[in-house]
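The values are calculated or read from the model by the stated rules, or taken from the named source; none is laboratory data. In this text the structure is predicted, and so the values were computed from the model without any measurement. Cβ placement follows ideal geometry from the backbone for every residue including glycine, while neighbour counts extend to all protein chains displayed.
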Amino acid sequence: MKIILDAMGGDNAPDANIQGALNAIDKVKAEIILVGKEEVIRSKIKEFAGKEMEEVSNRLSIKNATESIEMCDIPTVAIRKKKDSSMVVGFRMLKEGEGDVFISAGNSGALLTGATLIVGRIRGVDRPAIAGMLPAYHSQLLLIDAGANTNCKPINLLQFAQMASVYLKNTYKIKEPKIGLLNIGTEENKGNELVKESYQLLKEKSKEVGINFVGNVEGRDAFTGEIDAIVTDGFTGNVFLKVTEGLGKFIKTTLTESLQHNLLTKIASIPALPAIKKFSKSMDYKSYGGALFLGVKKPVVKAHGSSDKLLFEYTIIQAEKFVENKAVDKMKEEFEQPVQNKK
């Protein structure tokens, strides 16, 4: 197995990307291919590992790419014009079978555009979407779309729900995933036009496409553990994701400061340390790694734009599991089989 990593994408590139790969190389069986400026990557590997790349591992290699796509670039223009960017080169490698999964923390719009134009959509999927995992009470929550499609139609949300259901059944072994529609209220008539029309479409088509649709879900009820997936458009989903991450950081920081306020609070916190550590771990989104682009013909993983070396490490480990679990192959079977049967 070969994991292709965009070494130049993300807020902390290339340092965090390369350090994450170095940390992960002994924790995965796959080969890791770093895509980017070769001389820069080699120099960084020597800086971080204290030796030449060839001495680190025979499963670590470089694919040279002279350009990089920036966060401020216009996605379609960047993909079409920056042919030798680390992202475009990575996508071409994935399409041509030179790797089994591609990871990037770069421009989300460019990643969606490249995945769609270069790798291609699964037949029956109008728009691929980012499926991000978040912690929930004694469980986990799948958020789709987490930021790929800012403008959506009801048919897109229906397909997001269908992809989420297939993904959770096959990869996480949830027999009947509960799929909710993110809304400002649970009532059927609540929300804007997109949400109201999507509700009706999901209600009408859920049995036909095999979705266990449970209705509207408010944000405050998303993490109860009673819902397996939340469906929304990419704009709302990305806001929801970042507010959740920000709140988690706020709680951890405030709790830490409170416990270290003075000697008495420090002493009082000692018996509770195991519980505090467990709580802190459950709130850490980094342990969930990156988010899989559902609806693309081959595995494409979106790492958080601000990923540090730890998050890259987790994402690489997670990407190997995506390939082993054949998440994309099963998605293709589910969406393309009905079309084949009609012939």
message = Among the residues of region 194-210, are any part of a loop (DSSP other than H, G, I, E, B) and free of Cβ contacts under 8 Å to residues at least 12 places away in the same chain?
response = no
remark   = Counted residues in region 230-265 being among the aliphatic types (A, V, I, L, M), in contact (Cβ under 8 Å) with a residue 60 or more places away in the chain and over 14 Å from residue 183 (Cβ atoms) come to 1
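One line per residue, one yes/no per condition, for (1) over 22 Å from residue 110 (Cα atoms); (2) without any contact (Cβ under 8 Å) to a residue 40 or more places away in the chain; (3) part of a helix (DSSP H, G or I):
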{"position": "23", "(1), (2), (3)": "yes, no, yes"}
{"position": "29", "(1), (2), (3)": "yes, no, no"}
{"position": "40", "(1), (2), (3)": "yes, yes, yes"}
{"position": "45", "(1), (2), (3)": "yes, yes, yes"}
{"position": "55", "(1), (2), (3)": "yes, yes, yes"}
{"position": "92", "(1), (2), (3)": "no, yes, yes"}
{"position": "97", "(1), (2), (3)": "no, yes, no"}
request  = Confirm whether residue 106 is at pLDDT below 95, on the phi < 0 side of the Ramachandran plot, crowded, with 18+ Cβ neighbours inside 10 Å and small (Gly, Ala, Ser).
outcome  = yes
ask   = In region 123-158, what residues are of a type in the set (D, E, K, R) and in contact with a strand residue (DSSP E or B) (Cβ under 9 Å, 6 or more places away or on another chain)?
value = 127, 145
ask   = Name the residues in region 71-84 that are free of Cβ contacts under 8 Å to residues at least 24 places away in the same chain and closer than 23 Å to residue 20 by Cβ, would you?
value = none
inquiry  = Can you tell me how many residues within region 165-193 are touching a Lys or Arg at 6+ places or on another chain (Cβ under 8 Å), surrounded by 20 or more Cβ atoms within 10 Å (Cβ to Cβ) and outside any helix (DSSP H, G or I)?
reply    = 2
message = Out of everything in region 268-308 that is assigned to a helix (DSSP H, G or I) and of a type in the set (A, V, I, L, M), what residue ends up being modelled with the lowest pLDDT?
response = 276
request  = Kindly provide the set of residues from region 163-193 that are in contact with a strand residue (DSSP E or B) (Cβ under 9 Å, 6 or more places away or on another chain), of a type outside the set (Ser, Thr, Tyr) and touching a residue at least 60 places away in the same chain (Cβ under 8 Å), ordered by number.
outcome  = 163, 164, 166, 168
task = Would you mention how many residues in region 1-21 are in a helix (DSSP H, G or I) and hydrophobic (A, V, I, L, M, F, W, C)?
result = 3
